[in-house]
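Q: Sharing a structure, written as structure tokens. Questions coming.
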Amino acid sequence: MALTAKLNQINQNVRFILKNAPHYGVYFPFIGWWPAAAFRREDRELISHVRRAFVMSAFFAAVLLVLGISFIFIGIESRILKLTAVIAVYAVEFLYFSLCAAATASMIKKRNFPIPFVDKFAEKIDYL
């Protein structure tokens, strides 16, 4: 009897995770918005989070791309400048991952976590 109760509990947990997986993974860095946008288009609240996650991923990917391209133009003898660029890359990634974690936590707790520049551009997206 205890085994069937345990299996039922595991089954309920798996169903809960599969049902809510797109919700919890929306702010996964760079790619988390895609599964929710592809499979849960009818949920308006989720789509608003998808838009925000898409804007954040596009912005931070562009910033990291610019920083990566800047490495080409930094000479080999400019060690201080290269170190500064590497520190900037890590700082941008830390900021992005922190925003993703804070947005995920606020989504799970059903609180609003406004990010002004992200919300401004997320409202303009109509195709998601």
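The values are calculated or read from the model by the stated rules, or taken from the named source; none is laboratory data. Given the structure is predicted, the values throughout are model-derived calculations rather than measurements. Neighbour counts are summed over all protein chains in view; Cβ atoms, including those assigned to glycine, are modelled from backbone coordinates with ideal geometry.
Q: Those residues that are among the hydroxyl-bearing types (S, T, Y) and outside any helix (DSSP H, G or I), I need them from segment 77-104; list them, please. Break it down into steps so the answer makes sense when it comes.
A: Within segment 77-104, the subset among the hydroxyl-bearing types (S, T, Y) is 78, 84, 90, 96, 98, 104.
The one that is among the hydroxyl-bearing types (S, T, Y) and outside any helix (DSSP H, G or I): S78.
Q: Would you check if R51 is within 13 Å of V26 (Cα to Cα) and among the charged types (D, E, K, R)?
A: On the way: within 13 Å of V26 (Cα to Cα): yes; among the charged types (D, E, K, R): yes.
Spelling it out, R51 is indeed within 13 Å of V26 (Cα to Cα) and among the charged types (D, E, K, R).
Q: Something else: Are any residues in segment 55-80 modelled with pLDDT under 85 and hydrophobic (A, V, I, L, M, F, W, C), and if so, which ones?
A: F71, I72, F73, I74, I76
Q: Name every residue in segment 106-121 that is of a type in the set (S, T, N, Q) and under 15 Å from the mean Cα position of the chain (by Cα), in order of residue number. If you could, list the steps in order and put the result at the bottom.
A: Initial filter on segment 106-121 (of a type in the set (S, T, N, Q)): 106, 112.
Scanning segment 106-121 gives a single hit, S106.
Q: If I filter segment 91-98 for residues that are more than 17 Å from the chain's Cα centre (by Cα), at pLDDT 80 or above and surrounded by fewer than 13 Cβ atoms within 10 Å (Cβ to Cβ), do I get at least one hit? Break it down into steps so the answer makes sense when it comes.
A: So in segment 91-98, the residues more than 17 Å from the chain's Cα centre (by Cα) come out as none.
So far as segment 91-98 goes, no, none of its residues is more than 17 Å from the chain's Cα centre (by Cα), at pLDDT 80 or above and surrounded by fewer than 13 Cβ atoms within 10 Å (Cβ to Cβ).
Q: Within segment 37-47, identify whether any single residue is of a type in the set (F, W, Y), out of contact with any helix residue (DSSP H, G or I) (no Cβ under 8 Å at 6 or more places or on another chain), modelled with pLDDT under 85 and farther than 14 Å from I125 by Cβ, and answer yes or no. Quick ask: steps written out before the conclusion?
A: As a first pass, look at segment 37-47 and keep what is of a type in the set (F, W, Y): 39.
Now restrict to residues that are out of contact with any helix residue (DSSP H, G or I) (no Cβ under 8 Å at 6 or more places or on another chain): none.
There is no residue in segment 37-47 that is of a type in the set (F, W, Y), out of contact with any helix residue (DSSP H, G or I) (no Cβ under 8 Å at 6 or more places or on another chain), modelled with pLDDT under 85 and farther than 14 Å from I125 by Cβ.
Q: Same structure, new question: What is the residue count in segment 56-76 for residues that are more than 28 Å from K124 (Cβ to Cβ) and not in a loop (DSSP other than H, G, I, E, B)? If you could, list the steps in order and put the result at the bottom.
A: Looking only at segment 56-76, we keep the residues that are more than 28 Å from K124 (Cβ to Cβ), and these are 70-76.
Still in the running and not in a loop (DSSP other than H, G, I, E, B): 70-73.
Total satisfying the criteria: 4.
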